[in-house]
Amino acid sequence: MDIKNGVGPSKVFVNNTGKSYVYLIDFLTEKFPKISKSEWVARMNQGLVLDEAGTPQSSQALCLNNAFIYYYRSLESEEVIPFQEMIVYEDDHLLIADKPHFLPVTPAGHYLQETLLVRLKNKTGLQDLTPIHRIDRETAGLVAFSKRVEDRNRYQSLLRDRKIKKSYEAIAPYQEHLKDQFPIERISRIEESDIFIQMQEVPGEPNSDSIIHLLEVSEPWAKYRLELGSGKKHQLRVHMHALGMPIKNDKIYPNIIQQPAAGKDYSEPLQLLAKQLSFRDPVTQLEHDFQSHFYLNLSDFSPNP
């Protein structure tokens, strides 16, 4: 199926045995209850719902059993994120992008065109572009992409085999009682909590490890370098919070701060930056050491003299 505006289609298998549907739109409306019937009609009118042969399906199309249907996501209104990514490196196999705060890496929820992956696909025309790893929407910094399908697994193995060094910078409270303990190695088990979005440390066999270095102090804040071993969801944010040093402007730890669906406030970006990526390229055997062009400025949060 074709790529439309940098986005490929999703697919669903039509199983019409448990309940009989005359029209395809009735199957889709019941299969995806969060998408209204009028939305499916709108997508069909735009040619965004197709059968296996790539033929657009209308709202009067019959529901055929044991067949795949392909559909493209559609957002009626998507807020433009007013910050731009940069491509810091590109060769025949690899692309390294520098992502601003607030921009998601891949489409999800309310974000489709305003994602790093789709922006890069539209900018470069590389429809097989795939992220090797991801960082949070709130985090700025480096993200690596594989350009070719045949290289994808070799690059992703860098993460599985822990052969890629990822260093972050963060601004967080300064804890003087810890000053003689740096660098601090935090090893723990992180699992989902009962609170939506949040992760938490729990007893049990460790599955996460981070090393925190103290770089600079301007009380009550300090700048840290965080070295990521494993890559659990929200790992650095959880570990810094557990040490009594929640990252500045974190809207999830320690407490969730609800953000409006539209008209978002971009004035307080999370002070976390994926600053460095280092690894031996498994395809070209080149030694790579990439640095983000973004920076965190501790003086922005220092008290006035």
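Considering (1) under 19 Å from the mean Cα position of the chain (by Cα); (2) part of a helix (DSSP H, G or I); (3) in contact (Cβ under 8 Å) with a residue 60 or more places away in the chain, say which one R152 fails and leave the rest.
Every listed condition holds for R152 apart from (3).
Determine, yes or no, whether D128 is more than 12 Å from the chain's Cα centre (by Cα) and crowded, with 20+ Cβ neighbours inside 10 Å.
So D128 fails the test.
Do you know which of the residues in region 34-68 that are among the basic types (K, R) and surrounded by 13 or more Cβ atoms within 10 Å (Cβ to Cβ) is nearest to V22 (Cα to Cα)?
Here the answer is K37.
For region 265-294, which positions are within 17 Å of I132 (Cβ to Cβ) and of a type in the set (S, T, Y)?
S278, T284, S292
Which residues, counting only those in region 199-254, are among the polar types (S, T, N, Q) and surrounded by fewer than 20 Cβ atoms within 10 Å (Cβ to Cβ)?
The answer is Q200, N207, S218, S230, N249.
List pairs: first in region 265-280 and outside any strand (DSSP E or B), second of a type in the set (D, E), Cβ under 7 Å, 6+ apart or cross-chain?
Cβ pairs passing all conditions: L270/E138; L270/D250.
For residues that are closer than 18 Å to H288 by Cβ, of a type outside the set (K, R) and in contact (Cβ under 8 Å) with a residue 24 or more places away in the chain, scanning just region 155-175, find the one that is surrounded by the fewest Cβ atoms within 10 Å (Cβ to Cβ).
S157
Give the residue, chosen from Y23, Y111, that is assigned by TED's automatic domain parsing to the domain that holds N249, farther than 30 Å from F279 by Cα and among the hydroxyl-bearing types (S, T, Y).
Exactly one residue qualifies, and that residue is Y111.
The values are calculated or read from the model by the stated rules, or taken from the named source; none is laboratory data. Because the structure is a prediction, the values reported are computed rather than measured. Glycine also receives a Cβ, built like all others from the backbone with ideal geometry; neighbour counts cover every protein chain displayed.
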